[in-house]
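Q: Provided herewith is a single structure, encoded as structure tokens, for subsequent inquiry.
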Amino acid sequence: MSGLVDALLIVVAVVVVIARQFRASRIETGRRWWLLPAVLAVVALREPGLVDAHHRTASVALLTAELLTGLAIGAGWAWTSRIWTEPDGAVWSRSTKASGAVWALGIGLRVGLFALGAALGVHQDSSALLLALAATLLVRSGILVRRAHSLRPAAAPAPAYGEPMFRSTGKERV
């Protein structure tokens, strides 16, 4: 993909994610919570230029810092999100003002990392940002799913066939 298409994809993904975070959304605890981050990571990793060939050490250091920033933003975003359980057992989440502050801080850190890379003369591809976004979403989703499982009430075991549905506290008549 061209750099412009990558940049547009990243901007669209970030805008959608940020806009949706302040609306209540149901947490899907199925097996596929990791699918979108995995797709983003595959798209990022298949592009050449993730590491600058002329500045390998600085490029890898910046990529590592970008990934650590993404992981920290994902964790901060998940832990500052409000979650609750509906009477039907569905678990919902919505971001708080603190989540917005986590995003603002993360964007500021990423801008600083980009500026540092530009000052060092390191070629920075949008793949690193896309990979960090994948890390952010993966960590956030994983923590929210874990928090959702801890909120779910333990289901009472279903009665076996032939057992009464309830137990009487009084004496039974014979």
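The values are calculated or read from the model by the stated rules, or taken from the named source; none is laboratory data. Treat the numbers as computed from the prediction; the structure is a model and nothing was measured. Cβ atoms come from the backbone with ideal geometry, glycine included; neighbour counts cover every protein chain shown. In case anyone asks, the SASA skips ligands and DNA or RNA and just uses the protein heavy atoms, side chains included. Shrake-Rupley method; radii C 1.70, N 1.55, O 1.52, S 1.80 Å.
Q: When you look at Ala65, is it within 24 Å of Ala118 (Cβ to Cβ), open to solvent by less than 80 Å² (accessible area, probe 1.4 Å), in contact (Cβ under 8 Å) with a residue 24 or more places away in the chain and not in a loop (DSSP other than H, G, I, E, B), yes or no?
A: yes
Q: For region 58-69, give me each residue that is polar (S, T, N, Q) and closer than 10 Å to Val122 by Cα.
A: The one that is polar (S, T, N, Q) and closer than 10 Å to Val122 by Cα: Ser59.
Q: Would you mention how many residues in region 47-62 are out of contact with any helix residue (DSSP H, G or I) (no Cβ under 6 Å at 6 or more places or on another chain), closer than 25 Å to Leu4 by Cβ and part of a helix (DSSP H, G or I)?
A: Of all residues in region 47-62, those out of contact with any helix residue (DSSP H, G or I) (no Cβ under 6 Å at 6 or more places or on another chain) come to 48-49, 53-57, 59-61.
So of that shortlist, the ones also closer than 25 Å to Leu4 by Cβ come out as 48-49, 53-55, 59.
Going one step further and asking which of them are part of a helix (DSSP H, G or I), we end up with 59.
Total satisfying the criteria: 1.
Residues checked against (1) more than 14 Å from Ile73 (Cα to Cα); (2) hydrophobic (A, V, I, L, M, F, W, C); (3) open to solvent by 40 Å² or more (accessible area, probe 1.4 Å):
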{"residue": "Arg94", "(1), (2), (3)": "yes, no, yes"}
{"residue": "Val102", "(1), (2), (3)": "no, yes, no"}
{"residue": "His123", "(1), (2), (3)": "yes, no, yes"}
{"residue": "Leu138", "(1), (2), (3)": "no, yes, yes"}
{"residue": "Ser141", "(1), (2), (3)": "no, no, no"}
{"residue": "Val145", "(1), (2), (3)": "yes, yes, no"}
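Q: What pairs come up if the first residue lies in region 19-44 and is in contact (Cβ under 8 Å) with a residue 12 or more places away in the chain and of a type in the set (A, V, I, L, M), the second is surrounded by 13 or more Cβ atoms within 10 Å (Cβ to Cβ) and in a loop (DSSP other than H, G, I, E, B), and their beta carbons are under 8 Å apart, counting only those six or more places apart or on different chains?
A: Here the result reads Val43/Met1; Ala44/Leu50, each pair linking region 19-44 to a residue that is surrounded by 13 or more Cβ atoms within 10 Å (Cβ to Cβ) and in a loop (DSSP other than H, G, I, E, B).
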